Each structure stands twice: as structure tokens, then as C-alpha cells.
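The values are calculated or read from the model by the stated rules, or taken from the named source; none is laboratory data. Predicted, not measured: the structure shown is a model, and the values here were computed from it. We place every Cβ from the backbone using ideal geometry, glycine too, and count neighbours over all the protein chains shown.
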Amino acid sequence: MSDSPVISIIDDDESVLVAVKRFVRSLGFIGHTFGSAGEFLHSPHLAETSCVITDIEMPGMSGVELQRVLIARGNNVPIIFITAFPDEEIRTRVLEAGAIGFLSKPFDAATLDHCLGMALGRSQLER
């Protein structure tokens, strides 16, 4: 098994999944993609995930609901939210609950890279 951090990317937009996974891999990380929060929660990759990048608005369980479920389960994996529909109330709520970032689509690679650095630094301290 590799020592590279595992980044789980959750979005119902296939083009976002492909682009973010490609970027994550270019940084030397392992990227796994999921089309829904439920798919991620039932995945064998849940336990090894070092950081989650998730959309807010998705059919079924939203990214905000996913954050609540993970917290309720005692899983403090760092989360970076991405959204095409930024809402200040949701931004405040997820950041207060511990999210690392809240990025509006389209976002730039440098911003995502910065958030990943913060998330992985934090996750390494907690392990």
C-alpha cells in the first residue's frame, strides 16, 4: 500500500470528477471518485481517506449532510467543499463545523492546492 494521501472526490458532475482527480494525481496523491455521497459512505476507501473534496448540491445526500454524517460517526476527515451555487449561510455553517475550504466553481488550482496542504497538514497532526 502506498504512503500517498488518499483524496476522495465526490461530485455528480463527471467532468469535475475527472478534472479534480487529474489535478490530485498530478500532486502525487491517490484520487478516488464518487458520483454521490452515499457511494462514498459505502466505499472501501472511506477508512483510508485523508481528505474529502465534495460538491454541496448533489442528488440524494448533499455535501452538508455528508459532513454531518461523518462528524456523527466520529470521522474527522478534513473536507473541502466545492459549489457552483455559493451561499454565505452554508459557507459559514460548514466552516464552523470544521471544513477546510469552501470554493466556488470554477476555482483555480492554486486555491485547491492551498486547501489540500492545509487539510493534509491537519490530518497528519490528528493521526
From the residues in segment 60-112 that are touching a Leu at 6+ places or on another chain (Cβ under 9 Å), aliphatic (A, V, I, L, M) and free of Cβ contacts under 8 Å to residues at least 24 places away in the same chain, which one is farthest from ALA47 (Cα to Cα)? LEU103
Select from segment 49-63 the residues that are over 11 Å from the mean Cα position of the chain (by Cα) and surrounded by 14 or more Cβ atoms within 10 Å (Cβ to Cβ) and list them in ascending order. GLU57, MET58, MET61, SER62
Residues located in segment 116-127, provided they are among the aliphatic types (A, V, I, L, M) and either modelled with pLDDT of 90 or more or not in a helix (DSSP H, G or I) (or both): LEU116, MET118, ALA119, LEU120
Is it the case, given these coordinates, that PHE81 is in a strand (DSSP E or B) and touching a Phe, Trp or Tyr at 6+ places or on another chain (Cβ under 7 Å)? yes
What strands (runs of 3 or more DSSP E) lie completely within segment 1-60 and have 1 or more residues being out of contact with any helix residue (DSSP H, G or I) (no Cβ under 7 Å at 6 or more places or on another chain), within 16 Å of ASN75 (Cβ to Cβ) and not hydrophobic (A, V, I, L, M, F, W, C)? 30-34, 49-55
Among the residues of segment 89-115, how many are closer than 17 Å to GLN67 by Cα and either touching a Gly at 6+ places or on another chain (Cβ under 8 Å) or part of a helix (DSSP H, G or I) (or both)? 9
Can you tell me which residue among PHE81, PHE102, PHE34 is more than 20 Å from GLY121 (Cα to Cα), under 11 Å from the mean Cα position of the chain (by Cα) and at pLDDT 95 or above? PHE34
Residues within segment 42-59 that are in contact (Cβ under 8 Å) with a residue 40 or more places away in the chain and either touching a Lys or Arg at 6+ places or on another chain (Cβ under 6 Å) or not charged (D, E, K, R) (or both), tallied: 8
Going through segment 33-44 in order, the residues found to be touching a strand residue (DSSP E or B) at 6+ places or on another chain (Cβ under 9 Å) and surrounded by fewer than 16 Cβ atoms within 10 Å (Cβ to Cβ) are GLU39, SER43
Selection from segment 79-122 of residues more than 22 Å from ASP13 (Cα to Cα) and crowded, with 20+ Cβ neighbours inside 10 Å yields ALA119
